[in-house]
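The structure under discussion appears below in the form of structure tokens.
The values are calculated or read from the model by the stated rules, or taken from the named source; none is laboratory data. Being a predicted model, the structure only gives us computed values, none of them experimental. Don't worry about glycine lacking a Cβ; one is built from the backbone with ideal geometry, like all the others, and counts go over all protein chains shown. Side chains are part of the model used for accessible areas, which takes the heavy atoms of the whole protein and leaves out ligands, DNA and RNA. Shrake-Rupley method; radii C 1.70, N 1.55, O 1.52, S 1.80 Å.
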Amino acid sequence: MSKIQLSTWLGKESIAPWIFLAPSAVGFILFYIIPFGMGIVYSFTDATIGGSFVGFDNYSALLSSRSFHKAAMNTLLFTSISVPLLILLSLVLAILLNRQLTIRSWLQTSFVLPLVVPVASIIMIWQIFVDWNGALNAWLHSHNWARIDWMQSDGSIGVLVILYIWKNVGYDMILFLAGLQAIPVSYYESARIDGASRLRQFVHITLVYLTPTMIFVVLISIINSFKVFRETYLLAGDYPYDRIYMLQHYMNNMFFSLDIQKLTAGATLMVGCILILVFVLLAVERRFQSFME
């Protein structure tokens, strides 16, 4: 690199963004990258201090654990139910709000509102609703039906699915709405002139040009589904009903029992699965973009 190029790169316009990014970058490296790297190292040792290398023994013990199997299956079940329902509902709402409605701004605000409400307030609202003496059981009792301990039954996963959708539908809806508004109106006008039905317009125009947004929303929704642990923990505690015992519960309990090796091994496996999913979705998006070109 010549002196002229170096002086240009170090000019005020080039170095200014790096100066503003430096504090966040340092914090991200110190509190995320380095701890995660240390966790990967710990997952291959038998102790955090002065431990010796044990290879994949921690992973073998993790995969043979019944608690881990239960947590992994429950997490997979929750994600496979909640994410498709969230995608479908948010897409339907985005299509409806993409039209000229008189209460459009009010509906957008009402759907996005759960995103800005603190988690503690959300839990208080849902406890009032699903508690043994809550509003839902009071309604059942008023109709001479038996009360249900929702968080100690198989219906507990349904409560979490509804809570997850209620909290995240506004965010996904806004993303879909932005994707819908980016589709040129002329495409629909040309399709109507050619006699295409609404269904054909939706399949061959809306879904096709909404695919990049769809992939991003699916990825964000899956990542957000792993964050439901906060709500589950506050609603049901450390050891909830078996049906809602998630991977985060397992790792949280491993942390409190100081079983750092199983904790870091579980976290590494979970991150690895998420990265594989991300690479698959990005590959699908690249293939779609090459097809559109």
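Just checking, which of S90, S110, S60 is among the small types (G, A, S) and modelled with pLDDT under 80? Exactly one of S90, S110, S60 is among the small types (G, A, S) and modelled with pLDDT under 80, namely S110. For segment 55-88, a residue qualifies if it is without any contact (Cβ under 8 Å) to a residue 60 or more places away in the chain and open to solvent by less than 40 Å² (accessible area, probe 1.4 Å), and exactly one does: G55.
Here the condition is being under 26 Å from Y245 (Cα atoms), part of a helix (DSSP H, G or I) and open to solvent by 30 Å² or more (accessible area, probe 1.4 Å); of I157, I162, it holds for I162 alone. For segment 2-44, a residue qualifies if it is over 27 Å from the mean Cα position of the chain (by Cα) and either on the phi > 0 side of the Ramachandran plot or modelled with pLDDT of 85 or more (or both), and the qualifying residues are A22, F44. Tell me, which residue of segment 249-265 that is open to solvent by 30 Å² or more (accessible area, probe 1.4 Å) and either touching a helix residue (DSSP H, G or I) at 6+ places or on another chain (Cβ under 6 Å) or in contact (Cβ under 8 Å) with a residue 40 or more places away in the chain (or both) is nearest to L63 (Cα to Cα)? Filtering first and then ranking leaves K262.
Yes or no, residue by residue, for (1) of a type in the set (D, E); (2) farther than 15 Å from T75 by Cα; (3) open to solvent by less than 70 Å² (accessible area, probe 1.4 Å):
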| site | (1), (2), (3) |
| --- | --- |
| E189 | yes, yes, no |
| R192 | no, yes, no |
| R200 | no, yes, no |
| V203 | no, yes, yes |
| D242 | yes, no, no |
| V278 | no, yes, yes |
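In segment 102-117, the residues that are over 16 Å from K167 (Cβ atoms) never reach a residue that is surrounded by fewer than 11 Cβ atoms within 10 Å (Cβ to Cβ) and at pLDDT 70 or above with C-beta atoms less than 9 angstrom apart, at least six apart or across chains. Mind listing just one residue for me: the one in segment 165-187 that is among the aromatic types (F, W, Y) and open to solvent by 10 Å² or more (accessible area, probe 1.4 Å) and, of those, farthest from S90 (Cα to Cα)? Once the filter is applied, the top-ranked residue is Y187. The C-beta contact set for segment 200-229 (first residue closer than 12 Å to I183 by Cα, second residue not in a helix (DSSP H, G or I), distance under 6 angstrom, 6+ apart or interchain) comprises Y209/I183.
Looking only at segment 164-198, residues that are out of contact with any helix residue (DSSP H, G or I) (no Cβ under 9 Å at 6 or more places or on another chain) and within 23 Å of V217 (Cα to Cα) come to 2 in all. Note on segment 169-191: residues that are part of a helix (DSSP H, G or I), more than 13 Å from T109 (Cα to Cα) and of a type in the set (V, I, T) amount to 1.
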